[in-house]
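Remarks on the structure that follows.
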Amino acid sequence: MSAAAEAGLRRILSVVDLLIDAVDEETLVPALLPLLLGAVPGDSVIWSPRPDPLHPLRTLPDDLLSRDVLDAFDREWWTDSLVRHTRFGSGTPMRRSALQTRAEFHALPAYADIYRPFGAERQLAMSFPAGYAAGAPRRVCVVVSRDGHGSDFTAADVIAAGLLRTRLSRVLNRLAPPAPAPGLITSRESAVLGLLAHGLTNQQIARRLAISPRTVDKHLEHAYAKLRVGGRVAAANAWLTRGTDPVRGTGAVRDARAAGSGGHTAG
C-alpha cells in the first residue's frame with residue numbers, strides 16, 4: 001500500500017468504525033455526516049439519495065439549502081458538469097477545479113442561483129451504488145463544499161474520498177437490499193401477511209383462518225425471512241409496498257383490505 005493510501009485510511013478510520021456497526025440508514029446518516037467532514041474537511045456536506053422517496057436529502061449544517069436553492073437546482077442541474085459526472089458518469093471523487101476554472105464556474109447561472117447562496121466556492125463530489133429503494137437501484141451523491149477563504153481540495157482528499165466511496169457503497173448495499181424474489185411467499189403466508197397488514201393480532205388471524213396461533217407464528221417467522229425484515233411492523237410495511245402477490249397475482253393492498261373485511265384465503 002502506498003504512503004498516500006495509508007494516510008487516507010488513517011483519515012477515514014472513524015467512519016469505518018461507524019459503518020461496521022451500522023444497522024439501519026435512519027440512524028447511520030445523521031451520525032455519518034460530521035465524520036465525513038472530518039475525513040474530507042469542508043464547511044458543508046450534502047447527502048442525496050436518488051431515487052428514494054423514503055430517505056430525503058440531508059445536509060450539514062441542517063439548514064444549508066433554502067427552498068429557492070433547491071428549486072433552482074431542479075431547473076439548472078443539467079448545466080453543471082460536476083452534477084452530470086455524479087449522475088451519468090462514473091461517480092468517482094472529482095474536484096470541481098478538475099472540470100472547470102473558477103471563472104468558468106462563476107459564469108454558470110447555477111453559480112449565482114445555487115452555489116453562491118450557501119458559500120460553495122470549492123467542491124468535491126462523488127456518487128456510488130447504494131442498494132435499492134422502492135424496487136429500483138439507487139445511488140447516493142455526496143458533495144463536500146468549502147468557502148472561498150481556504151484552499152482547494154488536495155489529492156489526499158480525493159484519495160480519502162475514494163476509500164470512503166467503496167466502503168459506503170458496500171454498507172448501503174447491505175442496508176438496502178433488493179426486494180425478495182417473487183414467488184417465495186406461499187398462499188397461506190400471503191393470507192397471514194394480508195391480515196397482519198390490516199392490523200389484526202396473531203390470535204385474530206388464527207381465528208379468521210381457522211388455524212392455531214402457533215401456526216400463525218410459524219407462517220410469520222418464515223415470511224420475515226423471505227421479506228428480510230425483523231418484526232411485525234416492518235413485515236406489514238414490506239407487504240403493502242411489495243405491490244402484487246406473486247402467488248395469486250392480486251394487489252397486496254387489496255388482499256389486506258379484503259382479508260380485514262372478512263374475506264378468506266385458501267391455504
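The values are calculated or read from the model by the stated rules, or taken from the named source; none is laboratory data. Just so you know, these numbers come straight off a predicted model, no measurement behind them. Every residue, glycine among them, receives a Cβ derived from its backbone with ideal geometry; neighbour counts consider all protein chains shown. These area figures cover heavy atoms from the full protein model, side chains too; ligands, DNA and RNA do not enter into them. Shrake-Rupley method; radii C 1.70, N 1.55, O 1.52, S 1.80 Å.
Structure above, values below:
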quantity: Qualifying residue in the stretch 143-155 (condition: touching a helix residue (DSSP H, G or I) at 6+ places or on another chain (Cβ under 8 Å), surrounded by 17 or more Cβ atoms within 10 Å (Cβ to Cβ), of a type outside the set (A, V, I, L, M, F, W, C) and at pLDDT below 95); calculated: no
quantity: Filter result for the condition that a residue is modelled with pLDDT under 95 and either farther than 27 Å from PRO137 by Cβ or not hydroxyl-bearing (Ser, Thr, Tyr) (or both), over LEU33, LEU54, LEU37, LEU70; calculated: LEU54
quantity: Residue match in the stretch 116-129 (condition: part of a loop (DSSP other than H, G, I, E, B), without any contact (Cβ under 8 Å) to a residue 12 or more places away in the chain, closer than 25 Å to GLY38 by Cβ and not small (Gly, Ala, Ser)); calculated: no
quantity: Qualifying positions in the stretch 62-77 - within 27 Å of ASN173 (Cα to Cα) and open to solvent by 60 Å² or more (accessible area, probe 1.4 Å); calculated: ASP62, ASP74
quantity: Neighbours by Cβ (under 6 Å, 6+ apart or cross-chain): first from the stretch 37-55, in contact (Cβ under 8 Å) with a residue 12 or more places away in the chain and hydroxyl-bearing (Ser, Thr, Tyr); second assigned to a strand (DSSP E or B) and buried (at least 20 other Cβ atoms within 10 Å of the Cβ); calculated: SER44/SER145; SER48/CYS141
quantity: Residue match in the stretch 45-54 (condition: surrounded by fewer than 19 Cβ atoms within 10 Å (Cβ to Cβ), assigned to a loop (DSSP other than H, G, I, E, B) and not aliphatic (A, V, I, L, M)); calculated: yes
